[in-house]
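Okay, structure first, notes after.
The values are calculated or read from the model by the stated rules, or taken from the named source; none is laboratory data. What you see is a predicted model, and the numbers here were worked out from it, not measured in a lab. Glycine also receives a Cβ, built like all others from the backbone with ideal geometry; neighbour counts cover every protein chain displayed.
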Amino acid sequence: MKTASKIYTGLVMVFLFAPIAILLVFSFNSSKSLSVFSEFSLHWYEELFRDSVTLGAVRNTLVLAVSAAVISTVMGTAAAVGIHKLRSRYLRAALDTVTNIPMINPDIITGISLMLMFVFVGRLFGAATSLNFVTMLIAHVTFCLPYVILQVLPKLQQMDKALPEAAMDLGCTPLRAFVKVEVPEILPGILTGLIMAFTLSLDDFVISYFTSGNGFQTLPIRIYNMTKKTVTPKMYALATIIFFVILFLLLLSNLSDADTAKAVKEARKKRKDKREK
Amino acid sequence: MKKNASRALTLVQRLALAPYSVWAVLFIVVPLFFVAYYAFTDQQFRFTTENLARFFTATSQITDEAGTREVHTYLLIFWRSLKLAVISTVICLVMGYPFAYMISRASARTQSVLITLIMIPMWMNFLIRTYAWMTILQDTGILNGFLGLLGLGKLHIIGTESAVVIGMVYDYFPYMILPIYSVMAKMDVKLLEAARDLGCSPAGVLRRVVWPLSLPGVISGVTMVLIPSISTFYISQKLGNGKFYLIGDAIESQYAANNLHFAAAIAFILMIILLAGMAVMQRHANRRAVA
């Protein structure tokens, strides 16, 4: 890269990481100040691990994200298979439009619209509060579904149609051909969809804000409630931990990517060697 | 027999669509009708256009340097949201476009490192990121401390529109870079070389080859920044000190006050305007593509 590009990259990185660096540094501050660093201490981390409400919110977030990711991946993959087999152009166009809605609509409208429906239906049944874990789960599955479908569908379309046919010609039952040939082909899409759904659910604040009841608090909502009042560096300690977890997961996925790339390369080389022999 | 099994499998695969179809109708389509239903009814669910009328006619008095004036409350809020969102989107585009281009021309290894670095802040919760900016921009915050060390005096940023724009640019910047980068990374280098060989100047290559090819990425980047920034409700509360109410804040505060029908009316208007805007943009993009 040229010098100018390097300087520009540096500036962008400073802009992107300055706020995070400040969170990191001040989470180790012994005093409450967010602008003057007095001395190193783990005080705020101890406070964080004593805060049972926040820890409960972490658990809630994980439970919700895992459930939403699994449900939306199963339903979304099935939907992609179905859409792929769809013959009617009009039905296909209608489904595409509907699937696009949660991705295009601002989160605040998705959140409000679901909340209005839940409140209305709840009132029909005479419930005092109709927002709870289930409504939140429904909301999360709803906004994750399009992303799963969007990951799986292209894999189905890229797949060579002759593959399952060949498997059946060679004596596979249709079901076996589907499981043994089609599923492995679309598996990368399913996995990416699962991970996307999980992270989207983990990070969502706006839709959760409108669809959560009093009883069930996720981490983003907990953070929102914490930042309403004056914030203690306890939240910074939490942000620091989140940052390192993300960094660790990213490194892990990069390493495994590199491993797969290496494995693919070696396999190709082996095949080439064999052919040359 | 095999034919029967095959037909049965196709049937099962078609049926696989059923749960999603039901779900999509129940939880994507029907809720949107509820927005319209609430927007056009009063507390007793009787038909009314009062909620919508209130958006266009409600007035309030504001006092600033120019004196006291009577303004249309929600029209002003909407205009302000649009203005700040457009400014943020333009800044993201101007900052992000050259950066995306630079990344796409770097070595494969550098590309993956830079993209990972850009994505890390995205995974930090946006509330925390916004809050971090609040501590940086405060009058007694780190930025002013730093400027003081350099002997540059102090800047009053928090509680101004600039602070809100900084927050929006920071939060949504990656959403501009990633789509533009992904289009540029797929661009055929040979096209650029061919243009140069045929006598195009470097600026000409950018304008006539790179820009038109990257347009789909630019369009999706612009939508991905514009829509969340026009509808945000946290950034303005924290960085604008609550002085710069945006359309998202208006919806949120009506919701918090349990004024669901008016909240729905504002959401309904926002939705209609965004849909119209997107339709215009899509048509424009299609015409460009045809030309």
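Tabulated data for the structure shown
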item: Test: residue in region B:257-270 that is more than 8 Å from chain A (Cβ to nearest Cβ), closer than 21 Å to B:Met95 by Cβ and out of contact with any strand residue (DSSP E or B) (no Cβ under 7 Å at 6 or more places or on another chain); result: no
item: Residue under evaluation B:Met281, criteria (1) under 30 Å from B:Gly159 (Cα atoms); (2) modelled with pLDDT under 85; (3) within 12 Å of chain A (Cβ to nearest Cβ), criterion not met; result: (1)
item: Residue identified as farther than 30 Å from A:His43 by Cα, touching a residue at least 12 places away in the same chain (Cβ under 8 Å) and part of a helix (DSSP H, G or I) among A:Ser253, A:Ser208; result: A:Ser208
item: One residue from A:Val98, A:Val121 being in the same structural domain as A:Asn60 (by TED's automatic domain parsing), among the β-branched types (Val, Ile, Thr) and closer than 18 Å to A:Thr211 by Cβ; result: A:Val121
item: Members of region A:215-230 found to be part of a loop (DSSP other than H, G, I, E, B) and in contact (Cβ under 8 Å) with a residue 60 or more places away in the chain, listed by number; result: A:Gly215, A:Phe216, A:Gln217, A:Thr218
item: Residue match in region A:122-134 (condition: at the interface with chain B (Cβ under 8 Å from one of its Cβ atoms) and among the aliphatic types (A, V, I, L, M)); result: no
item: Selection from region B:241-289 of residues that are within 19 Å of B:Val222 (Cβ to Cβ) and touching a Lys or Arg at 6+ places or on another chain (Cβ under 9 Å); result: B:Leu246, B:Ile247
item: Test: residue in region B:102-120 that is within 14 Å of chain A (Cβ to nearest Cβ), out of contact with any helix residue (DSSP H, G or I) (no Cβ under 8 Å at 6 or more places or on another chain) and not in a helix (DSSP H, G or I); result: yes
item: Qualifying residue in region A:98-113 (condition: within 17 Å of the chain's Cα centre (by Cα) and more than 10 Å from chain B (Cβ to nearest Cβ)); result: no
item: Some residue of region B:19-36 being closer than 24 Å to A:Ile109 by Cβ, in contact with a helix residue (DSSP H, G or I) (Cβ under 7 Å, 6 or more places away or on another chain) and more than 9 Å from chain A (Cβ to nearest Cβ); result: yes
item: Single condition B:Leu192 does not satisfy, out of (1) assigned to a loop (DSSP other than H, G, I, E, B); (2) of a type outside the set (Lys, Arg); (3) surrounded by fewer than 21 Cβ atoms within 10 Å (Cβ to Cβ); result: (1)
item: Verdict on B:Phe99 being within 14 Å of chain A (Cβ to nearest Cβ), in contact with a strand residue (DSSP E or B) (Cβ under 8 Å, 6 or more places away or on another chain) and modelled with pLDDT of 90 or more; result: no
item: Filtered residues of region B:238-250 (kept if assigned to a helix (DSSP H, G or I), within 11 Å of chain A (Cβ to nearest Cβ) and either buried (at least 24 other Cβ atoms within 10 Å of the Cβ) or of a type in the set (Gly, Ala, Ser) (or both)); result: B:Ile247, B:Gly248, B:Ala250
item: Exclusive hit being in contact with a Gly (Cβ under 9 Å, 6 or more places away or on another chain) and more than 9 Å from chain A (Cβ to nearest Cβ), set B:Leu147, B:Leu75, B:Leu82, B:Leu152; result: B:Leu147
item: Hits in region A:1-48 - residues which are surrounded by 13 or more Cβ atoms within 10 Å (Cβ to Cβ) and of a type in the set (Val, Ile, Thr); result: A:Thr9, A:Val12, A:Ile20, A:Ile22, A:Val25
item: Flag for B:Leu52 being more than 10 Å from chain A (Cβ to nearest Cβ) and assigned to a helix (DSSP H, G or I); result: yes
item: Qualifying residue in region A:183-201 (condition: acidic (Asp, Glu), within 13 Å of chain B (Cβ to nearest Cβ), farther than 24 Å from A:Leu250 by Cα and surrounded by 15 or more Cβ atoms within 10 Å (Cβ to Cβ)); result: no
item: Verdict on B:Val165 being within 15 Å of the chain's Cα centre (by Cα), modelled with pLDDT of 90 or more and either outside any helix (DSSP H, G or I) or more than 11 Å from chain A (Cβ to nearest Cβ) (or both); result: yes
item: Positions within region B:121-139 being part of a helix (DSSP H, G or I), surrounded by fewer than 20 Cβ atoms within 10 Å (Cβ to Cβ) and more than 7 Å from every other protein chain (Cβ to nearest Cβ), in sequence order; result: B:Met122
item: Of all residues making up region A:1-49, the number that are free of Cβ contacts under 8 Å to residues at least 60 places away in the same chain and assigned to a helix (DSSP H, G or I); result: 23
item: All positions within region B:196-253 that are among the aliphatic types (A, V, I, L, M) and within 13 Å of A:Ile108 (Cα to Cα); result: B:Ile227, B:Ile230, B:Leu246, B:Ile247, B:Ala250, B:Ile251
item: Helices (runs of 4 or more DSSP H) wholly inside region A:72-178 containing at least 3 residues that are within 23 Å of B:Thr223 (Cβ to Cβ); result: A:89-104, A:107-124, A:133-158
item: The listed residue being hydrophobic (A, V, I, L, M, F, W, C) and modelled with pLDDT of 90 or more, out of B:Met119, B:Met124, B:Met187, B:Met176; result: B:Met176
item: Options A:Gly56, A:Gly76; residue that is modelled with pLDDT of 90 or more, on the phi < 0 side of the Ramachandran plot and within 12 Å of another protein chain (Cβ to nearest Cβ); result: A:Gly76
item: Search result, residues across region B:255-279 that are among the aromatic types (Phe, Trp, Tyr) and either surrounded by fewer than 23 Cβ atoms within 10 Å (Cβ to Cβ) or touching a residue at least 24 places away in the same chain (Cβ under 8 Å) (or both); result: B:Phe262, B:Phe268
